[in-house]
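Below is one structure, written out as structure tokens; the observations come after it.
Readers should treat all values here as calculations from the given coordinates under stated rules, not as data from a laboratory. Please read these numbers as outputs of a predicted model, since none were measured by experiment. Methodologically, a virtual Cβ is constructed for each residue, glycine included, from the backbone with ideal geometry; neighbour enumeration extends over all protein chains shown.
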Amino acid sequence: MLLRLTWLLLRKDLRVAARSREVFGFMLLFSLLCVVVFAFGFLREGEAAAEQVPGVLWVTLLFSGTVGVLRLFAAEEEGGTLQLVQRTLAGLHPLLLSKALLQLLFSGVTMLLLLPVVLVFFDAALTRPSLTLAALALGLVGQAMLGALVGALLVHVRLREVLLPLVLYPLLAPLLIAGVRLTVLAQADAPPEALQGWLLLMAGYDALLIAVAPWLHARVVEP
Amino acid sequence: MTRLAAAGVGWAIDGRFVLVDVDLALAPASITVLTGENGAGKSSLLDVLAGVRKPARGVVTLDGVALGDIDAAHLARRIARLDHAPGLYLELSALENVQLFRALLHADALLSDVTAWLTEVGLAARDHNRPVRGFSRGMLQRTGLARVLASGADVWLLDEPSTGLDRAGVELLTRVLQTARDRGATILLATHDPALLPLADRRLHLHLGHVVPPVEA
Amino acid sequence: MARSSSPRPTGFLALLSVASLLVFAALYCVAFVAQPDVTLGIVQKIFYFHVSAAIAMMLCLSCGSLLSLVDLIAPSDRVDALAQSAIETGLAFAVMVLTSGPLWARKSWGAWWTWEPRLTLTLMLLLLAAAVLGIRGMAADGTGRKIAAALASLAAPVAYLIHVAVEKWGGTHPMVLKGGGIQSPGMQLTFRVAMFAILLFATTLWTLRFRVLRLEQRILAIRLEFSAQDVRRSRQGGPT
């Protein structure tokens, strides 16, 4: 039931996204722009560009992800459907879950397209691609879940565009710190023991978010 | 017999009571027209009656059970709303919109019936499959009405349902409402449209935060 | 009625007096009882207030987060006011920590700011607390409280994870964490007095803010009640 309703809502969001061609394209463009801007800001003559890869990659995904989160509920706001959807069969969980999946899909595809671009721009190669990808996946799952929650909570808040990153970034800090460290370590070909703790931390936070976010959402949104 | 009732309902926004001691009882198979000045709290009252907002005081009951004790999903299948906002996804077609809400409310939804509802509200077949973003206000209102029909709810709370409708549209709305009433629906219309007043089995006026019988002009 | 339910704040005034006296006592101890640190010299004296403030901040913010969770589970105006005042007090102490920290760091580490784990965590907490309070103010009627409570209750586990993360992060860049031990009895006494003074000061601020918030809640409730009576009166008086 939960899955069926989530799928219904997700399919609706995908249709809307496909027709308005709005968010995803801009997310991608914006992320490319971020990479270029970071290159201007961080690259120095005579320094190895490859060292900047982990930071540039993660911060770019964080920023472009925010663009997506800010627009997650745009279709609902435009048509005034949020309340209608909130009060349907399974209540609020499918709504949150479908938005998290949508965000994950967008940011995941962005990440897959961005990764080669960053590697080319910064003249780097992935030392241990599977590990870097695992870290990125864990980070994006957490970002999607938290983004859906914060996006849903702030739908009707004034100055949302400003406030959303203000709460989202500190709450994402554990994932960002761990993700960047993991990528650095993976690039340096560090021994697996050094990585385990970071992976565990990310997985733990993701699990916490998946467990707690639906409950928090329901507590806030219920009349 | 009473289907939807409010007893001593009070509702406040921004630290000020808008509705005070509202008592109201709506019978099955009846159309009630609610009038009131702008800002009298008609939309707020509809929100409270639909269970979207929790009243600060008093209680709203559906078939004698307080709304707070009714499962939200069940409530959504019993009470349908039509507001100023059309309650539609603008990028989806009329068909897809109605199908979506039908499927969200009824797990065993047979999606083939949806076309019948769209025809019932007078949407031409060529308009069923284009995004409602291109619709006029009146066509949006019709699609919204189809969504209400498709919900299968037996309590309808409609806020200015004739907004943007042409004369044929108002006649159609009248027919749809009468048919629904004859099938047993409880309908509350908040409206200023004189064309809809003859529909009323009962008229109420929202004045100074509570419901009174209207002053006959 | 109003008078009987708001007695003279004798308890609060007593708390305020004791806390003020203790703060002065702590200042005296810091100036005259504690010996200057052997290696760091006089700057080390920031330690007494800095560490106490950090502990007060952590206590206030943890309480704020926990109380927010309680308020989400079982909403109550009292718990809400307690939680909000705790977060606000915690924010004030975070500012204190982040002012005294760099002063000390400049002398002992040679830089105003280092990405030292505890410093980083404090900064993140400050930002998060400020954002939570900001959202509370920006949201419409009634929802701000719930949103703030939800975010604040997430903050405690997140703070823990940030703490773990920055500690691990710090682990790869070894750094001198201890600015100076407190070896002599004079130093120990001073630390105890300062700690007690700051904690009591925090309690005073928290209580003060809590009382103000409760009063605000009461004023709102009274105003609300009046608005209802206003409506009723106008019905009887005015033409229908």
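Looking at the square roots a ≥ b ≥ c of the eigenvalues of the Cα gyration tensor of the protein assembly as shown, which shape do they give, rounded for a/c under 1.5, prolate if a/b is larger than b/c, or oblate? Show your work: numbers first, answer last.
Numbers: a/c = 3.19, a/b = 1.46, b/c = 2.19.
Here the protein assembly as shown falls in the oblate category.
Quick check on chain C: helices-only [θ] at 222 nm, where DSSP H runs of length 4 and up contribute -39,500 (n - 2.57) each and the sum goes over total residues. Nearest 500, please.
On the way: 7 runs with 188 residues, N = 240.
When only DSSP H runs of four or more count, the value is -28000 deg cm²/dmol.
In the frame of its principal axes, the stretch A:2-220 has Cα extents of 58, 35, 30 Å, reported largest first. When each of C:Asp77, B:Asp166, A:Asp13 is scored by the number of other beta-carbon atoms lying within 10 Å, the sequence from fewest to most is B:Asp166, C:Asp77, A:Asp13.
Pull out a ≥ b ≥ c, the square roots of the eigenvalues of the alpha-carbon gyration tensor of chain C, then state rounded if a/c is under 1.5, prolate if not and a/b is larger than b/c, and oblate in the remaining case.
Numbers: a/c = 3.51, a/b = 1.80, b/c = 1.95.
Note, shape of chain C comes out oblate.
Can you give me the angle between helix A:160-187 and the longest principal axis of chain A, using Cα atoms only, in degrees from 0 to 90, rounded to the nearest 10? So the helix axis and the longest Cα principal axis differ by about 40 degrees.
Find the eigenvalues of the gyration tensor of the Cα atoms of the stretch B:165-217, then list the square roots of 5 times those eigenvalues as equivalent ellipsoid semi-axes, largest first, in whole angstrom. Don't skip to the end; give the middle numbers.
Numbers: eigenvalues 99, 42, 16 Å².
So the equivalent ellipsoid measures 22, 14, 9 Å along its semi-axes.
Among C:Leu224, C:Leu27, C:Leu91, the largest mean-square fluctuation in a Gaussian network model of chain C (Cα springs under 10 Å) belongs to C:Leu224. Largest mean-square fluctuation among A:Gly79, A:Gly139, A:Gly151, in a Gaussian network model of chain A whose springs join Cα atoms under 10 Å apart, belongs to A:Gly79.
One Cα centroid belongs to the stretch A:97-176, the other to the stretch C:67-128; the line between them spans 26 Å. Calculated FRET efficiency, C:Phe12 to B:Asn129, Cβ-Cβ distance, R0 = 56 Å: about 0.20 to the nearest 0.05. For B:Val211, the residues whose modelled amide H falls within less than 5 Å of its own, excluding neighbours fewer than 5 places apart on the same chain, are B:Asp23. Rounded to the nearest 5, the antiparallel percentage of DSSP beta bridges internal to the protein assembly as shown is 50%. For the stretch B:28-83, the alpha carbon convex hull comes to 105 Å³ per residue, rounded to a whole number.
Helix A:53-70 axis versus longest C-alpha principal axis of chain A: approximately 10°, rounded to the nearest ten.
Pulled fully out, how much extra length does the chain show between C:Leu40 and C:Ser76, if you take 0.36 nm times their separation in residues and subtract their Cα-Cα distance?
Values: separation 36, 0.36 × 36 = 12.96 nm, distance 4.93 nm.
Extra length from C:Leu40 to C:Ser76 when fully extended: 8.0 nm.
With the alpha-carbon atoms of chain B aligned to their principal axes, the span from lowest to highest coordinate is 48, 41, 35 Å, starting with the largest. Residue ranges B:124-134, B:203-213 sort as B:203-213, B:124-134 when ordered by packing (mean number of other C-beta atoms within 10 Å per residue, highest first).
What's the average, rounded to a whole number, of partner chain beta-carbon atoms within 10 Å of each residue's beta-carbon in A:128-140?
Numbers: counts 0, 0, 0, 0, 0, 0, 0, 0, 0, 0, 0, 0, 0.
So the per-residue partner count for this stretch is 0.
Across chain C, C-alpha contacts under 8 Å between residues 6 or more apart give a mean separation that, scaled by the residue count, equals a relative contact order of 32 percent.
For A:68-81, what's the mean count of beta carbons from other chains sitting within 10 Å of each residue's beta carbon? Before the final figure, lay out the partial values.
Working: counts 0, 0, 0, 0, 0, 0, 0, 4, 1, 1, 7, 13, 9, 11.
Across A:68-81, the average partner-chain Cβ count within 10 Å equals 3.
Of interest is the spacing of the C-alpha centroids, which for the stretch B:185-217 and the stretch B:126-154 amounts to 25 Å. Helical content of chain A, expressed as a calculated mean residue ellipticity at 222 nm, amounts to -28000 deg cm²/dmol (DSSP H runs of 4 or more residues, -39,500 (n - 2.57) each, divided by residue number, nearest 500).
What's the average, rounded to a whole number, of partner chain beta-carbon atoms within 10 Å of each residue's beta-carbon in B:87-96?
Average neighbour count from other chains, rounded to a whole number: 6.
Once the Cβ-Cβ distance between B:Lys54 and A:Leu119 is put in as r, and R0 is 56 Å, what FRET efficiency do you end up with, to the nearest 0.05? Mind dumping the intermediate values first?
Details: r = 54 Å, r/R0 = 0.96.
So the FRET efficiency works out to roughly 0.55.
What's the angle, to the nearest 10 degrees (0 to 90), between helix A:129-153's Cα axis and the longest principal axis of chain A? The two axes meet at around 30 degrees. Just in the stretch C:76-134: which chymotrypsin sites (Phe, Trp or Tyr not before Pro) are loop by DSSP and have at most 14 other Cβ atoms within 10 Å? Here the sparse-neighbourhood loop sites are C:Trp112, C:Trp113, C:Trp115.
Scanning chain B for GluC sites (Glu not before Pro) that sit in a DSSP loop and have at most 16 other Cβ atoms within 10 Å, the longest stretch containing none of them is B:38-215. Listed by chain and number, the aspartates and glutamates whose C-alpha is less than 18 Å from the C-alpha of B:Lys42, apart from same-chain residues fewer than 8 away, are B:Asp14, B:Asp21, B:Asp23, B:Asp83, B:Asp159, B:Glu160, B:Asp193. Sequence-ordered 3J(HN,Hα) estimates for the stretch B:154-159 from the Karplus curve with 6.51, -1.76 and 1.60 and θ = phi - 60° stand at 10, 10, 10, 10, 10, 9 Hz, glycine and proline given as x.
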